[in-house]
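A.B. asks: I'd like to ask you about the structure that follows.
The values are calculated or read from the model by the stated rules, or taken from the named source; none is laboratory data. Note that the structure is a prediction, hence the values are computed from the model and not measured. Neighbour counts are summed over all protein chains in view; Cβ atoms, including those assigned to glycine, are modelled from backbone coordinates with ideal geometry. Remember, those area values only see protein heavy atoms, side chains included, never the ligands or the DNA or RNA. Shrake-Rupley method; radii C 1.70, N 1.55, O 1.52, S 1.80 Å.
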Amino acid sequence: MDVPKDQIVTLLEHGLYTSAQTLGCFLVSSSAANAEASPHIKAESLVLLSDALFREREYRRAIHTYKQALQYYKIIPKQNSTTSRSSLPPNRSSSPNSFNISAINENEVKFKIASCYCALNENKAALAEMEGIPGKSRNLQMNLLMGKLYRNSRHSRNAMSCYKECLRHCPYVLEAITALAEMGASAKDIISLFPQTPNRSGRASFDHFDSSRWLQRYVEAQCCIASNDYKGGLELFADLLQRFPNNIHLLLEIAKIEAIIGKNEEAIMNFEKARLIDPYVVTYMDEYAILLKTKSDYTKLNKLAHDLLSIDPTRPEVFVTLSVLWERKDAREALSYADRSIRIDERHIPGHIMKGNLLLTAKRAEAAVVAFRSAQELRPDIRSYQGLVQSYLVLSKTKEALYAAREAMKAMPQSAKALKLVGDVHASNSGGREKAKKFYESALRLEPGYLGAALALAELHVIEGRNGDAVSLLERYLKDWADDSLHVKLAQVFAATNMLQDALSHYQSALRINPQNEAAKKGLERLEKQMKGVDPDAPEEDEENEVEDAEGDQEETDLL
């Protein structure tokens, strides 16, 4: 009795993979699929069974069965093989999701095996399979997968060739555009790859001039972001958002850039807008989680983590979010979540940055350097540079810290944050404070609203005894910024000049804005002792060890 192949195809097309798999077991063991008499039928039957296994996520079994199919395919007489190849439809899809009862195609099966290896994160084995497919035989899906595999293997030139080939076939492969931009291709080079078919008038078509203009703007935006021109990228994305209002992808891209450059309020607003439109979106939600933590909004952070877990617990964004949530409860658990996000996707930058920050907090600066370097190799942004500089300063490696800060300044010449980083390195050494002051002032000239540079400059004024200058600088920012860190810094300056009532007022303002601000809590506790006439520096018994550690840290800073 024969098992009809077309019924398995029907089951696969309707998503009934368990039934397809069971029926496939009958098919491959039927008399019609006799290996000696009909190797081509045996091969086709095994491929259908493999497709069902793939869809059931039984990737190891699928690989084994696909390879069996190839072995039978190789013993098919040449005449049958030639006929089989010529009978294939010209546009047949090679995706494992595509099912066809015609004779198998060796290249398609290799692609399916590679797809299984990718699902198992075995990129080396996947690439070995893909390299067995001749270049001229590769379709769009194959070129895209090869581009990703070459990029993961750090073969950038080969990766770029594959991504370019994708765009020559179809200019709307947006992930190829983003990848090429991140690997350094210019907007002009990318746009030149787009196919231009002449129409009857002899002019280039590609829906040209009007409908393709948005795509060219998109390419320009991605190239701006890749080259750290965040301002230019934001402007281009904002223009596109006007043309495509409530576009989830654009809102998330804009929010991510705003998070990177420190426009936290705007980023939170755009992330929340995206979640209102699509409550099940997971992309970049770990960036949103980090912002919620900086605002100490643990109610929203808890809800976000719960939502993401219920949507898709296999995504790296979910584990970075859990890492952010657990940071204040259990640093070791937080670090394990960050590691897990990287195991899921080793190219997930927020996972590396989160890991670096956790290691830095745990005083494991050498390991933090490795994590921040990993993030930087994937795509340099200001956060990886900030982490590197902080780590090197903790390790008393001033030379390396200065090199990293200058590298940031070179990569981002229009970034106030990069200028501040160089200032931070100089400020760590008493002999470099004048240079630090110049860099902080340059950062404020470039970006007058950059609060981080204002706080650093105020700290420098305090160290050098210019408390009045520090107060006047910070009070200028107080008019436009309702920021808890600003109030804390003012409170610290007032407390140092014995203006205790003013200090009390600012600590209270900081805690009204952010009740979880630890610096404000500790400062207020210290201030209350001062106001009662108690020496705030007198150690309590259980604090002696902590005070000794703090003194050790101060000595290290002085040595820098």
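A.B. asks: With a Förster radius of 56 Å, plug the Cβ-Cβ distance of Phe244 and Ser505 into 1/(1 + (r/R0)^6) and report the FRET value to the nearest 0.05.
C.D. replies: Efficiency, from the Cβ-Cβ distance: 0.75.
A.B. asks: Arrange the residues Ile113, Ile463 by how much accessible surface each exposes, largest first, with a 1.4 angstrom probe.
C.D. replies: Final ranking, largest accessible area leading: Ile463, Ile113.
A.B. asks: Full extension from Arg406 to Asp307: what is 0.36 nm times the residue separation minus their Cα-Cα distance, to one decimal in nm?
C.D. replies: Working it through step by step, the gained length comes to 31.6 nm.
A.B. asks: Still on this model: Rounded to the nearest 0.05, what FRET efficiency do Lys399 and Asp2 give with R0 = 60 Å and r taken as the Cβ-Cβ distance? Could you check?
C.D. replies: FRET efficiency, Lys399 to Asp2: 0.20.
A.B. asks: Related question: Tell me the chymotrypsin sites (Phe, Trp or Tyr not before Pro) within region 257-354 that lie in a loop according to DSSP and have at most 16 other beta-carbon atoms within 10 Å.
C.D. replies: Those that pass, being in a loop and sparsely packed, are Tyr280.
A.B. asks: Could you tell me the distance between the Cα centroids of region 126-163 and region 249-323, to the nearest Å?
C.D. replies: Region 126-163 and region 249-323 have Cα centres spaced 32 Å from each other.
A.B. asks: Expressed as a whole number of Å, what is the distance separating the alpha-carbon centroids of region 501-531 and region 386-449?
C.D. replies: 29 Å
A.B. asks: Please give the contour-minus-distance gain from Leu120 to Lys188: 0.36 nm per residue of separation, less the Cα-Cα distance, rounded to one decimal in nm.
C.D. replies: 20.8 nm
A.B. asks: Among Phe111, Leu451, Leu301, pick out the residue whose Cα is farthest towards the positive end of the charge dipole of the chain, where Lys and Arg carry +1 and Asp and Glu carry -1 on C-beta, about the Cα centre.
C.D. replies: Phe111
A.B. asks: At a threshold of 8 angstrom on Cα-Cα distance, excluding pairs fewer than six apart, so keeping six or more, what relative contact order does region 416-530 reach in percent?
C.D. replies: 16 percent
A.B. asks: Hey, another quick one. Could you look at region 295-443 and say what percent of its accessible area is carbon and sulfur, using a 1.4 Å probe and all protein chains?
C.D. replies: 50 percent
A.B. asks: Taking a probe of 1.4 Å, how large is the accessible area per residue of the chain, in Å²?
C.D. replies: I get 51 Å² per residue for the chain.
A.B. asks: What percent does the relative contact order of the chain come to when contacts are Cα pairs within less than 8 Å and at least six residues apart?
C.D. replies: 5 percent
A.B. asks: Something else: Provide Ser296, Ser391 ordered by accessible surface of protein heavy atoms (probe 1.4 Å), highest first.
C.D. replies: Of Ser296, Ser391, the descending order of accessible area is Ser296, Ser391.
A.B. asks: Using only DSSP helix segments of four residues or longer, with each worth -39500 (n - 2.57), what per-residue ellipticity at 222 nm results for the chain after dividing by its residue count and rounding to 500?
C.D. replies: It comes out at -22500 deg cm²/dmol, rounded to the nearest 500.
A.B. asks: Moving on to the next point. Please list 444-451, 9-16 highest first by mean number of surrounding beta-carbon atoms within 10 Å per residue.
C.D. replies: 444-451, 9-16
A.B. asks: Classify the chain from the C-alpha gyration tensor, please: rounded if a/c falls under 1.5, else prolate or oblate depending on whether a/b exceeds b/c.
C.D. replies: prolate
A.B. asks: Add +1 for every Lys or Arg and -1 for every Asp or Glu among the other residues with Cβ under 13 Å from the Cβ of Val493, and state the total.
C.D. replies: Summing Lys and Arg as +1 and Asp and Glu as -1 gives -3.
A.B. asks: Which value in nm describes the separation of the simple spin-label points at Ala482 and Gln196, placed 7 Å from the Cα toward the beta carbon?
C.D. replies: According to this spin-label approximation, the distance is 5.3 nm.
A.B. asks: While we're looking at this one, here's another question. Sum up the charges of everything whose Cβ sits under 13 Å from the Cβ of Val173, counting Lys and Arg as +1 and Asp and Glu as -1, but leave Val173 out.
C.D. replies: Spelling it out: positives minus negatives among the neighbours equals +1.
A.B. asks: Compute the Cα gyration tensor for region 412-468, then decide on rounded, prolate or oblate, letting a ≥ b ≥ c be the square roots of its eigenvalues: rounded whenever a/c is under 1.5, prolate when a/b is larger than b/c in the other cases, and oblate in all that remain.
C.D. replies: Taking the square roots of the gyration eigenvalues as a ≥ b ≥ c, region 412-468 is oblate.
A.B. asks: Same structure again: Using a 1.4 Å probe, how large is the accessible area of Asp2, given in Å² and rounded to the nearest 10?
C.D. replies: Per-residue accessible area (Asp2): approximately 110 Å².
A.B. asks: Let me ask another. State, as an integer percentage, the relative contact order of region 313-375 based on alpha-carbon contacts under 8 Å between residues 6 or more apart.
C.D. replies: Relative contact order for region 313-375 comes out at 29 percent.
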